[in-house]
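Okay, structure first, notes after.
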Amino acid sequence: MTARRDPPADRRPAAARSATRTDSPQTPARGRVLRLGERLADLAATWGTTTARVLLGLVLAWFGYHELIQPALWTGYVPGVHAASATAIALVLAHGWVLLLLAVALIAGIAPRAAAGLAALLLAQIVIWLWASAGLSDLTLRDVGVLGLALCITSRTEQRFALRN
């Protein structure tokens, strides 16, 4: 009587074994999905920072524009100054121009890391003031998220469509 031998066990990881399996009708579709996932990951790695930079610029432009158009709506956020004073309006207008200039620099890719760093400092001041004056609120947490975005852009050295990193 001859001893029956089992075929040698395939010791490769399951993903490697399933990648070479041809008996499954889902193999071509699974390969396409994996290739699509890899392409999306490459696209995100290549364009993610640029997209984040432009979106941050749009957010800053939006708020800067509104501060320039209707400064009286924003004077209540100026610390240490009466909301109805001319000083408060002048400070809001100056803040709006700074936001607008930073937005243009970010969108155009002009020294994007420096612009994002300045935006992060400005947003840190806003977050600290909002937190000190009103505590944690939806406004404060929104600005913490925008601050995080500015910090992420500041830390990235490789960006597309940037005149100077």
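The values are calculated or read from the model by the stated rules, or taken from the named source; none is laboratory data. Quantities reported herein were computed from a predicted structural model and do not represent experimental measurements. Methodologically, a virtual Cβ is constructed for each residue, glycine included, from the backbone with ideal geometry; neighbour enumeration extends over all protein chains shown.
Among the candidates 144, 104, single out the residue that is out of contact with any helix residue (DSSP H, G or I) (no Cβ under 6 Å at 6 or more places or on another chain), surrounded by fewer than 19 Cβ atoms within 10 Å (Cβ to Cβ) and either in a helix (DSSP H, G or I) or among the aromatic types (Phe, Trp, Tyr) (or both).
Going through 144, 104 in turn, just one is out of contact with any helix residue (DSSP H, G or I) (no Cβ under 6 Å at 6 or more places or on another chain), surrounded by fewer than 19 Cβ atoms within 10 Å (Cβ to Cβ) and either in a helix (DSSP H, G or I) or among the aromatic types (Phe, Trp, Tyr) (or both): 104.
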For this session: Please determine, by comparing only the residues of the range 107-132 that are more than 22 Å from residue 71 (Cβ to Cβ) and of a type in the set (Val, Ile, Thr), which one is surrounded by the most Cβ atoms within 10 Å (Cβ to Cβ).
Result: 107
Problem set entry | Condition check for residue 65: modelled with pLDDT of 95 or more and hydroxyl-bearing (Ser, Thr, Tyr) | yes
Exercise. Hey, among the residues in the range 52-70 that are surrounded by fewer than 16 Cβ atoms within 10 Å (Cβ to Cβ) and aliphatic (A, V, I, L, M), which one's nearest to the chain's Cα centre (by Cα)?
Worked result: 55
Exercise. Is at least one residue of the range 42-51 among the aliphatic types (A, V, I, L, M), part of a helix (DSSP H, G or I), closer than 30 Å to residue 116 by Cα and at pLDDT 80 or above?
Worked result: no
For this session: Could you run through the range 147-159 and say how many residues are surrounded by fewer than 16 Cβ atoms within 10 Å (Cβ to Cβ) and either within 15 Å of residue 56 (Cβ to Cβ) or at pLDDT 90 or above (or both)?
Result: 3
